[in-house]
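Below is one structure; the comments refer to it alone.
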Amino acid sequence: ISAWKQGQVYEYQIQGRTLAALHDVADQYTGTIIKATLKVQPRNQDSVLAWVTNARHSDVHANLTNGWNQEIPDKYLNYQNWQLSDKPFAIQFKNGVVKNLQVSQNLPTWELNIIKSIVSQLQVDTRAENEVSSRLNQKPKNGKPFGTFKTMEDTVTGECETLYDIKPLQQVEQQNKPQLAPMPNLKGSNGDLIDIIKTKNFSRCDSRIEYHFGLPGSNDVEPSSNQVLNFLSRSSTSRVIIAGDLSHYTIQSSVTTDKIVISPELYNKQKGMVVSRLNVTLSNVHSAAQNNAPALPSNVNKVDDLIYEYNPASPDNESAQNNNGKNNHHNDDD
């Protein structure tokens, strides 16, 4: 599987936001917004170099009457430069699944987590490389863009069961929302625009990312599952539009929305929420400059997953960290 053509540089615009509100009480939201540019250049069929430029962020404190995802004009924001490293990092793929990263040894853990969140958007398991058994599974056949199946997929929010739903992008939606596929011509004469929905099941994870304190009944429930009593619910959905076919394609856009809804007072029906959205959308493709190709740093660390790290991985704490939050996963029959 190849999502990238040799000799090309793919530029993506990154837009992200994390907002919190007692939305059942008022439309007042607070949080942060980020913008940046991601550049991707293939090294070979299964590996790319990537680097982030022009990273900026702004605090948000605004009344959003149309909800958390409404557009916020720049005049209401105060963007500051975000000191993200622009050093290239390498991504190794296998059939669309990210197998490992190579990053600078000097990269701080918080910045590695930012990279993991961005790279999570580029992971598209179109061929069910990480399939888990389910009678629902109907993998794509003969290269046709239809399929439904479950995988075990690691992203920055944990290694959890993920339901893939693959179908062609409806032409009406493409016309009404051109931002879904800004460069549709890249599909080629025989290709399609393909709509992929990924839904994460936090109740079935091999590795969860969680930190909790004082949750009611937390001795009896799993705090990071989809639902915790009537206190907390959690969801994560991604939508990826690719152009081409399931073996050779260009990622046009990839948007993930994570939402946690919470009842601050168990006897009160008014809820609050924390919601995050990360959008990576193709903006340009151009030929790579032969004499100005970026280089991977000479000293790199190999990172074998995309899961959020609380502490820097080292020989002393790596085994403890890898075992932290591990849960046994059982294949289901539904």
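Worth pointing out:
- Cα centroids of the stretch 5-51 and the stretch 78-137: 11 Å apart.
- Within the stretch 5-112, the chymotrypsin sites (Phe, Trp or Tyr not before Pro) that combine a DSSP coil assignment with at most 14 other C-beta atoms in a 10 angstrom radius are Y79.
- Cross-link table K150/K187; K35/K271; K167/K200, entries beyond 24 Å C-alpha to C-alpha: K150/K187; K35/K271
- With contacts taken as Cα pairs under 8 Å and at least 6 residues apart, the stretch 1-99 reaches a relative contact order of 28 percent.
- All other residues whose Cβ lies under 15 angstrom from that of A62 are scored, Lys and Arg at +1 and Asp and Glu at -1, for a net of -2.
- Diffusion coefficient (Stokes-Einstein, Kirkwood radius over C-alpha pairs, 37 °C, 0.692 mPa s) for the stretch 104-150: 248 µm²/s, rounded to a whole number.
- Amide proton proximity set for S2, modelled H, under 5 Å, gap of 5+: H248, Y249
- Chymotrypsin sites (Phe, Trp or Tyr not before Pro) restricted to the stretch 111-201 and DSSP loop, no more than 15 other C-beta within 10 Å: F146
- Trypsin sites (Lys or Arg not before Pro) within the stretch 94-146, DSSP loop, no more than 14 other Cβ atoms inside 10 Å: R135, K141
- The 3J(HN,Hα) values that the Karplus relation (6.51, -1.76, 1.60; θ = phi - 60°) gives for the stretch 199-204 are, in residue order, 10, 8, 9, 5, 7, 10 Hz. Gly and Pro appear as x.
- In the stretch 1-156, inverting the average of 1/r over every pair of distinct C-alpha atoms gives 18.1 Å as the Kirkwood radius.
- Once backbone amide H atoms are built at 1.01 Å from N, Q8 has A288 as its partners under 5 Å, excluding neighbours fewer than 5 places away on the same chain.
- Heavy atoms of the protein chains alone define the surface here; on that basis the stretch 103-159 has 43 Å² accessible area per residue at 1.4 Å probe size.
- Placing pseudo-labels 7 Å out from each Cα toward the beta carbon at Q6 and N44 gives an inter-label distance of 1.1 nm.
The values are calculated or read from the model by the stated rules, or taken from the named source; none is laboratory data. Note that the structure is a prediction, hence the values are computed from the model and not measured. For neighbour counting, all protein chains shown are included, and Cβ atoms are generated from backbone atoms with ideal geometry for every residue, glycine included. When the accessible area is computed, the model is the full protein with side chains, heavy atoms only, and any ligands, DNA or RNA have been set aside. Shrake-Rupley method; radii C 1.70, N 1.55, O 1.52, S 1.80 Å.
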